[in-house]
1. Would you point out which residue out of Ala84, Ala88, Ala93, Ala19 is open to solvent by 10 Å² or more (accessible area, probe 1.4 Å), touching a residue at least 12 places away in the same chain (Cβ under 8 Å) and within 18 Å of the chain's Cα centre (by Cα)?
2. If a residue must be open to solvent by 40 Å² or more (accessible area, probe 1.4 Å), in contact (Cβ under 8 Å) with a residue 40 or more places away in the chain and of a type in the set (Val, Ile, Thr), how many such residues does region 106-133 contain?
3. What are the residues in region 147-170 that are of a type in the set (Lys, Arg) and surrounded by fewer than 16 Cβ atoms within 10 Å (Cβ to Cβ), if any?
4. Could you figure out which of (1) within 30 Å of Leu114 (Cα to Cα); (2) among the polar types (S, T, N, Q); (3) open to solvent by 30 Å² or more (accessible area, probe 1.4 Å) isn't true of Gln235?
5. Is it the case that region 191-198 has a residue that's in contact with a helix residue (DSSP H, G or I) (Cβ under 8 Å, 6 or more places away or on another chain), in a helix (DSSP H, G or I), surrounded by fewer than 20 Cβ atoms within 10 Å (Cβ to Cβ) and among the acidic types (Asp, Glu)?
6. Scan region 257-274 for residues that are open to solvent by less than 70 Å² (accessible area, probe 1.4 Å), at pLDDT below 95 and out of contact with any helix residue (DSSP H, G or I) (no Cβ under 6 Å at 6 or more places or on another chain) and jot them down.
7. Could you tell me whether Leu230 is within 28 Å of Val262 (Cα to Cα) and not acidic (Asp, Glu)?
8. Being farther than 11 Å from Val262 by Cβ and open to solvent by less than 40 Å² (accessible area, probe 1.4 Å) is the filter here; which residues of region 171-188 pass it?
Amino acid sequence: MTATDAPPVRRAPPIEWSALAALFALTVRQHTHGRRVLVLGLLYLLPCALAVLLRNLSRPAPADALEFALVFAILPHGLAPLTALLYAAGVVADEVEEQTLTYLLTRSVPRWLLYLTKLLATLCVTTALVAVAVVALYVAIYAGTGELWSVALPRAGRVVVIMALAQVGYCALFGFMGLATRRSLLGGIAYIVAVEGFIANTDFVGRALTVVYYVRTLALRWLDLPAGLLRQCQQSWGMTDLDKLPSSGECALTLLVFGAVVSVVSALMFARSEFRVKTPGSD
C-alpha cells in the first residue's frame, strides 16, 4: 500500500467555544430566574431575621453564640448543601424536563464538555448565593458593633472561600446523583442528614469521607476565631486536638480533587448515557 492509498485521517470536529459560552450564560440565567432562587432567598433570610431578633431582645444574644449557631451550624450543615442539591441535581434533569436536551446534543460539542460547562455554571451560581448568605449573616450578627468592619467582614471573606470549596464537593456529588438516580432530591436529602449530619458528628475515621469535616477543619485553622468561639466549635465538633487534623492545604486539595474526579466521572457517564426526552406527543 502506497502513501496515497492510506485512508484519510479523521479529525475531531473543532470545539464550538462560542456555543459553550452561550450554554454557560444560559445555565446561569436559568438558575437565577426560577422559583428555586426565590425559595432559597427566603430560606437565607430566616437566619438573618433570627439574628436581628435575638440581638434586639432585652437580653441580647452574644454575637459569638449567634455566629456559631447560624454561620457554623445552620449554613454548612443545611443551607449550603441544600443549595448545591437543588441546582446540581438538575444539571441534566432540567434539560430533560424542559425538552431542551435534544437541542444540546445536536451541537458539535463533546457531550462530556456540555456536562462540565453546565456544572461549572451551576457551581458559580451556588457559590455566589452562599457568599451573599455568608455576608448577610455576618452583617445581621455584627451590625452596629465596632467589630463589623475590623473583624466580622474580613472573617466573612475567609468563610466565603471555605464555603466555595465546599460547593465544589457538593455540586460534583449531587450532579453525579442526578445522573445516577431519578430520585436525586430524596437521595440528596438523605445524604445531607445521614452522612453530613450524623457521620460527620461521630468521632471515627469515617467522618473524613464527608465534605463538612474539611469545612470544619478549615474553619478551625483559617479563621483565627476568638478563644471562646474556637473552644465551642472544637467541643461541639469533637475536634479538640488540632494536631490530629489535616492541614489547611490538605483540606483544600482534598475538596478540589474530590470535586474534579467526581465531575469527570459524571461527565463520562453523561457522554455514554441514553436519555428519554419528553415530546409534546409523548405520554
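1. On the way: Ala84 fails: open to solvent by 10 Å² or more (accessible area, probe 1.4 Å); Ala88 fails: open to solvent by 10 Å² or more (accessible area, probe 1.4 Å); Ala19 fails: within 18 Å of the chain's Cα centre (by Cα).
The match here is Ala93.
2. Residues meeting the conditions: 1.
3. Answer for region 147-170, where residues must be of a type in the set (Lys, Arg) and surrounded by fewer than 16 Cβ atoms within 10 Å (Cβ to Cβ): just Arg158.
4. Going through (1) within 30 Å of Leu114 (Cα to Cα); (2) among the polar types (S, T, N, Q); (3) open to solvent by 30 Å² or more (accessible area, probe 1.4 Å) one by one, Gln235 breaks only (1).
5. Taking every residue of region 191-198 in turn, none turns out to be in contact with a helix residue (DSSP H, G or I) (Cβ under 8 Å, 6 or more places away or on another chain), in a helix (DSSP H, G or I), surrounded by fewer than 20 Cβ atoms within 10 Å (Cβ to Cβ) and among the acidic types (Asp, Glu).
6. Ser273
7. Working: within 28 Å of Val262 (Cα to Cα): no; not acidic (Asp, Glu): yes.
It is false that Leu230 is within 28 Å of Val262 (Cα to Cα) and not acidic (Asp, Glu).
8. Selection gives Gly178, Ser184, Gly187, Gly188.
The values are calculated or read from the model by the stated rules, or taken from the named source; none is laboratory data. Keep in mind the model is a prediction, meaning the values are calculated, not measured. Positions of Cβ are generated from backbone atoms using ideal geometry, with glycine treated the same way; all protein chains shown enter the neighbour counts. In case anyone asks, the SASA skips ligands and DNA or RNA and just uses the protein heavy atoms, side chains included. Shrake-Rupley method; radii C 1.70, N 1.55, O 1.52, S 1.80 Å.
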